[in-house]
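Report on one structure; see the data block that follows.
Since every read-out is calculated from the coordinates, none of them should be taken as a lab result. As the structure is a prediction and not an experimental result, all values here were calculated from the model. Cβ: placed from backbone, ideal geometry, glycine included. Neighbour counts: every protein chain shown.
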Amino acid sequence: MKSLVVYSSRTGNTQKVAREIYDALPEPKDIFSAKDAPDPSDYDFLALGFWVDKGTANASSARYMETVKGKKIGLFGTLGAYPDSDHAKQCLKKARELVQGNEILGEFLCQGKVDPALIKMMETKMKDDPHHSMTPERRARLEEAAKHPDKKDLADARELFVELAQIAAGKVSA
Ligand SMILES: Cc1cc2nc3c(=O)[nH]c(=O)nc-3n(C[C@H](O)[C@H](O)[C@H](O)COP(=O)(O)O)c2cc1C
């Protein structure tokens, strides 16, 4: 079984998770950013990663994800929102739609530090926009996001993808 990790990362959060997953997978394996990633047809198991951009998978990951068909896959992503929030569930739903026609063996989401430049914009230009203005709840969420991905997130991602690779290889049942 040959595995491929494909991800995008603007500020490094998703890359951290991607590298952890890559490290956990059995050989043979490859890792690429979505814009340089090879044809998925040469691989048996794909770990497909994205960062959440305006409620869905970022564009370059989304484009790659749509090219993958008939594979066993695991999805992973990072976002500013809490992973158990309705927003996160919606994002995951959209990601699933991008990979229709594949067998999704598992999914992983964790928070990721939000770009300070974006936070600054929320505090200034977006301060009158009800969807982005800086409320105490939003600030608390951004402060929590700033601690992620943390050691536990990385350990959880590792553990899940070790298991998914075993399922993909037919060593354990789903
Ligand atoms: C332009 C932009 C849009 C974003 N949109 C969302 C969003 O809709 N929902 C969310 O939960 N987080 C959003 N985020 C936060 C990122 O998804 C989060 O910080 C992620 O971990 C970034 O990953 P990266 O470091 O791999 O680029 C956004 C961040 C940026 C910069």
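When only alpha carbons are used to place a centre, the range 41-101 and the range 126-174 end up 13 Å from one another. The angle separating the long axis of helix 13-24 from the principal Cα axis of greatest extent in the chain is about 20 degrees. Using the Cα coordinates of the chain, the gyration tensor eigenvalues translate into equivalent-ellipsoid semi-axes of 30, 16, 14 Å, sorted from longest to shortest.
Name the residue, out of 120, 29, 93, whose mean-square fluctuation peaks in a Gaussian network model built on the chain with Cα pairs under 10 Å. Looking only at 120, 29, 93, the biggest GNM fluctuation is shown by 120.
Highest mean packing first, where packing is the average number of other Cβ atoms within 10 Å per residue, the peptides 160-167, 136-143 line up as 160-167, 136-143.
At a Förster distance of 30 Å, what's the computed FRET efficiency of residue 150 paired with residue 103, Cβ-Cβ distance as r, to 0.05? Each step should come with its number before you reach the end.
Details: r = 30 Å, r/R0 = 1.00.
Working from the Cβ atoms, E equals 0.50.
With +1 on each Lys and Arg Cβ and -1 on each Asp and Glu Cβ, how big is the dipole of the range 45-107 about its Cα centre, in debye rounded to the nearest 20? In total the dipole reaches around 180 debye.
Rounding to the nearest 20 debye, state how big the charge dipole of the chain is about its Cα centre with +1 on each Lys and Arg Cβ and -1 on each Asp and Glu Cβ. Mind dumping the intermediate values first?
Numbers: 27 positive and 27 negative charges, 55 e Å.
For this selection, approximately 260 debye.
Label-to-label distance, residue 90 versus residue 143, with points set 7 angstrom from Cα along the beta-carbon direction: 2.6 nm.
Calculated [222 nm] ellipticity per residue, helices only, for the chain: -12000 deg cm²/dmol; basis is -39500 (n - 2.57) per DSSP H run with n ≥ 4, divided by all residues, nearest 500. Subtract the Cα-Cα distance of residue 54 and residue 67 from 0.36 nm times their separation in residues, and report this length gain in nm to one decimal. Using 0.36 nm per residue and subtracting the Cα-Cα distance, I get 2.5 nm. The angle between the Cα long axis of helix 86-98 and the main principal axis of the chain comes to about 40°, on a 0 to 90 degree scale. Here's how it looks for residue 106: its modeled amide H is under 5 Å from those of 75, which are all 5 or more places away or on a different chain.
What translational D, rounded to a whole number of µm²/s, comes out for the range 95-174 from Stokes-Einstein when the hydrodynamic radius is the Kirkwood one over Cα pairs, at 20 °C and 1.002 mPa s?
Values: Rh = 15.5 Å.
Estimated diffusion coefficient is 138 µm²/s.
Using a simple spin-label model with pseudo-atoms 7 Å out from Cα toward Cβ, residue 117 and residue 131 lie 2.1 nm apart. Against the chain, whose longest principal axis is taken from its Cα atoms, helix 151-168 shows a tilt of about 30°. Just 117, 57, 18 to compare: in a GNM of the chain, with alpha carbon springs under 10 Å, which one fluctuates most? Largest GNM mean-square fluctuation: 117.
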